[in-house]
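Only one structure is covered here, and it is reproduced in the block below.
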Amino acid sequence: MTDITTTTDLDTKLEAHRTELTGYCYRMLGSSFEAEDAVQDTLIRAWRSYDKFEGRSSVRSWLYRIATNVCLDMLTAGNKRARPMDLTDSTPLAQAALSPRPDNTWLEPMPDARVLPTTADPAEAAIAKESVRLAFMAALQQLPPKQRAVLILREVLAWKASEVAELLGTTVASVNSALQRARATLAEREQPGADATVSDPLDEEQQKLLERYVAAFEGYDMTALTALLHEDAIMTMPPFDLWLTGVKDITGFMTTLGAPCAGSHLVPVQVNGLPGFAQYKPDPEKGGFTPWAVQVLEISDGRITGFHCFLDTERWFPLFGLPLHVEAETDQVEEGV
């Protein structure tokens, strides 16, 4: 590996798999940053041991084997990433309290561009997007790590049972059994947001819904927003474990505890296979706008059913390639990654 040309070629060969490996590790771990750390570890291990790679499988399969081992090692602590509704009951607005939990509690958002490889196959692209949506990601967290790996490899990435068995060092019968158990577990647990339906690209009705949402939110028009929300819509705000159900409590929260968000500016982002926005709210100290949340929207039957706000903006906005301050005279912020 001392030859510069060889080293460059190897770096290029390994880097070509970064996006799909990040998607795999993200589904396994439920964390944006842990996924990127796992992929970096995978590529470093592959680079160091490439001389020992015998070519009995493809480089891609070999990288997935390394990535799987990295993820399984990281999951030995047993931590399961979750959404607020996975941990507590919905709280009425009258009892709302903002109680944060540690970062490693939460299922984290991820820009589509970091986990969804470019593909010319619309069906393949649709499956990939569905497999990083928050509801599916939360469902994966309910599975033991090896079942999680089997389900992702078999049902998301369409690997053959024999290929998964070779990767995990087990039998085809064991893989099929693990897949059956994983499917049964997911079938037993209905996940809020699982019925979110978003076409790719957005159809005309969905695009108009989002345009109306932006106008309602930026204008802080609760009457207009009410018309867009499903009556059983859910609002979450990690790192707070509070979550609200229903139009009345959501709009009530926005006009009380959430009142400082009035006058916000929304920038579209592609996040977890769903439409989303980076929310900048007015900055009373510096002027202009300051980051407040990455919003992920779930849509079903022409209404917004899920409204998920990730508030740790010092982590999320750089991940999406977005600035941490916007001047007041700036009318638009370019969409991030």
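Out of G273, G263, which single residue is surrounded by fewer than 17 Cβ atoms within 10 Å (Cβ to Cβ), at positive phi, of a type outside the set (K, R) and touching a residue at least 40 places away in the same chain (Cβ under 8 Å)? Write out each step before concluding.
Numbers: G273 fails: surrounded by fewer than 17 Cβ atoms within 10 Å (Cβ to Cβ).
Selected residue: G263, the only one of G273, G263 that is surrounded by fewer than 17 Cβ atoms within 10 Å (Cβ to Cβ), at positive phi, of a type outside the set (K, R) and touching a residue at least 40 places away in the same chain (Cβ under 8 Å).
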Given the conditions (1) farther than 20 Å from A182 by Cα; (2) touching a Pro at 6+ places or on another chain (Cβ under 9 Å); (3) polar (S, T, N, Q), every one holds for T88 apart from (2)
What are the residues in the range 140-177 that are within 18 Å of A82 (Cα to Cα), in contact with an Asp or Glu (Cβ under 9 Å, 6 or more places away or on another chain) and open to solvent by less than 20 Å² (accessible area, probe 1.4 Å), if any? Q141
Listed residues L186, L153, L157; which is at pLDDT 95 or above and either within 25 Å of R65 (Cβ to Cβ) or touching a Leu at 6+ places or on another chain (Cβ under 8 Å) (or both)? L153
In the range 240-288, the residues that are touching an Asp or Glu at 6+ places or on another chain (Cβ under 7 Å) and among the aliphatic types (A, V, I, L, M): V247, L266, V267, V269, V271, L274
Within the range 58-77, identify whether any single residue is surrounded by fewer than 19 Cβ atoms within 10 Å (Cβ to Cβ), more than 20 Å from the chain's Cα centre (by Cα) and closer than 30 Å to M235 by Cα, and answer yes or no. yes
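Counting only residues that are of a type in the set (G, A, S), give me the helices (runs of 4 or more DSSP H) lying completely in the range 198-307 with at least 3 of them. Show your work before the answer.
Numbers: elements: 204-218, 222-226, 247-254.
Fully inside the range 198-307 and qualifying: nothing.
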Looking only at residues in the range 116-130 that are open to solvent by less than 50 Å² (accessible area, probe 1.4 Å) and touching an Asp or Glu at 6+ places or on another chain (Cβ under 8 Å), which one is farthest from A196 (Cα to Cα)? A125
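Filter the range 276-325 down to residues that are among the aromatic types (F, W, Y) and either open to solvent by 30 Å² or more (accessible area, probe 1.4 Å) or farther than 21 Å from R212 by Cβ (or both), then give me how many there are.
6
The values are calculated or read from the model by the stated rules, or taken from the named source; none is laboratory data. Please read these numbers as outputs of a predicted model, since none were measured by experiment. FYI the Cβ positions are ideal-geometry reconstructions off the backbone, even for glycines, and counts take in every protein chain you see. Ligands, DNA and RNA are stripped out before the accessible areas are found, and what is left, the full protein with its side chains, is counted by its heavy atoms. Shrake-Rupley method; radii C 1.70, N 1.55, O 1.52, S 1.80 Å.
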